[in-house]
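Each value in this text was obtained by applying a stated rule to the coordinates, not by laboratory testing. Just so it is clear, the model here is predicted, and its values are computed rather than measured. Ideal geometry is used to build each Cβ from the backbone, glycine not excepted, and the neighbour counts take in all protein chains shown.
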């Protein structure tokens, strides 16, 4: 019996073939940084913004003119207009956007609108109207990521995507998997379950913090053995924010028949890249971090020829063996959340990923270089000099100050949210601004840290 999801997909076929609205155009911002645009393709239509977001983007476009991403990175007039699209709590300074980020107000309103509509008659409105619209979201995400829509599954978060990859591979007792000691904890726990249940072997490699790409690649190369079947690697570490050389690892592994599973939780919509830039077959990410989509959104991309060999997290009918939608067989879906991804993606494209990445690096450098310039007790463990090796995420430690106590003090005394991290190999505080973060907010954060450093205590 065909699944409800497949039925709804068929139902959506007519809508998919219907004419679409004209592309959104917001002055020179439209389509900047879009993957297809960089490749010379045609930009797909995107849904219109609510008036508030549209006006903010139009004003931002007028401020930007023809200036480059780097020239705009520190322009508070430009980014001040972008910030108007958010209803953020300015009584606090949120520097933990690497956990989850607020969504622009118009995206939230789109989700709420659909929730209300769904609630009026869920069996009709949710199942027959809202759920089929996911096919439009699938097409738009696939275009942006640089894959075929039939290689794009819409899921609820990076954990769901990554656990599908980890648990879906066929592995036998004694088969080896290589991870790193800096992989996300939930993923390491998932691998450990396979170790305990099935007798596979997991090797965890260590690498310097920060480290060179050559060093990372050589650590993996040294760990590969005759029974290595898979590598699971983070695109950008959630701990220190270092971007890892995914393409080089894929090029190392593929000739040996080793699958490379990429955890892109912190990468997608953070800085510009496409699937073909990485060359990978499997990629999972969240959308409620850097894309600024509602909580409970993510995607899993699996190259078409790999789909039949990767089992879904929840059972799907046999006839769906080669269908990317088998990874969406989870029961009832949060359709309103997923459909609002379209509005978030439109907002992302209108800003432009290059502009976004430049701004995020500028915010990181502003606080990090201020701390380094003012105190020799501060160590920054994130690469600062190469844009290809890091983005918004910065990680620092202060000699003589406990990072947990420092983070608690920043929150309790100054209402500044950070992420203290105590890892077996290092400890410090992770700082993750986003596009709604202001210059004054990162300056206040740096000033409070320096105040604690100068006093030599937290009180």
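What's the extension gain from residue 399 to residue 315 if we count 0.36 nm per residue and subtract their Cα-Cα distance? The partial results should precede the final answer.
Numbers: separation 84, 0.36 × 84 = 30.24 nm, distance 5.07 nm.
That pair, residue 399 and residue 315, stretches by 25.2 nm at full extension.
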If I histogram all Cα-Cα distances within the range 132-344 using bins 10 Å wide from 0, what percent of pairs lands in each bin? 8, 37, 37, 16, 2
Which of 311, 127 comes first, and how do the rest follow, when ranked by fewest Cβ neighbours within 10 Å? 311, 127
Shape category assigned to the range 318-385 from the gyration tensor of Cα positions, a/c cut at 1.5: prolate
Relative contact order in percent for the range 132-344 (Cα pairs under 8 Å, 6+ apart) equals 27
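Using only DSSP helix segments of four residues or longer, with each worth -39500 (n - 2.57), what per-residue ellipticity at 222 nm results for the chain after dividing by its residue count and rounding to 500? Could you put the intermediate results ahead of the total?
Values: 18 runs with 186 residues, N = 459.
Taking each H run of at least 4 residues, the total per residue is -12000 deg cm²/dmol.
When only Cα pairs under 8 Å and 6 or more residues apart are kept, what is the percent relative contact order across the chain? Show your work: numbers first, answer last.
Details: 877 pairs, mean separation 98.7, N = 459.
Once normalised by length, the contact order is 21 percent.
Under the definition of Cα pairs under 8 Å and six or more residues apart, what whole-number percent is the relative contact order of the range 364-416?
Averaging sequence separation for qualifying contacts and normalising by length gives 30 percent for the range 364-416.
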What whole-number distance in Å separates the alpha-carbon centres of the range 172-219 and the range 92-162? 31
Order of 105, 189, 212 under a 10 Å beta carbon neighbour criterion, fewest first: 189, 212, 105
Measure off 7 Å from each Cα along the Cα-to-Cβ vector at residue 113 and residue 211, then give the distance between these two points in nanometres to one decimal. 4.7
Everything considered on the Cα gyration tensor (a ≥ b ≥ c; rounded for a/c under 1.5, else prolate if a/b is larger than b/c, else oblate), the range 355-455 must be described as prolate
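By counting other Cβ atoms within 10 Å of each Cβ, how are 201, 195 ranked from fewest to most?
Numbers: 201 17, 195 12.
In order of increasing Cβ crowding within 10 Å: 195, 201.
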Diffusion constant of the range 206-267 at 25 °C, which comes from Stokes-Einstein with the Kirkwood Cα-pair radius and 0.890 mPa s, µm²/s: 205
Restricting attention to the alpha-carbon atoms of the chain, what are Rg (one decimal) and Dmax (integer), both in Å? 22.2, 69
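Packing-wise, with mean Cβ within 10 Å as the measure, how do 147-153, 422-428, 267-273 rank, highest first?
267-273, 147-153, 422-428
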Centroid-to-centroid separation of the range 388-408 and the range 310-347 [C-alpha atoms, Å]: 36
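Provide the packing ranking of 390-401, 111-122, i.e. peptides ordered by the mean count of other C-beta atoms within 10 Å per residue, highest first. Please report the intermediate quantities before stating the final value.
Working: 390-401: 21.7, 111-122: 15.3.
Per-residue mean Cβ counts within 10 Å order the peptides as 390-401, 111-122.
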With R₀ set to 45 angstrom, the calculated FRET efficiency between the beta-carbons of residue 63 and residue 128, to the nearest 0.05, is 0.55
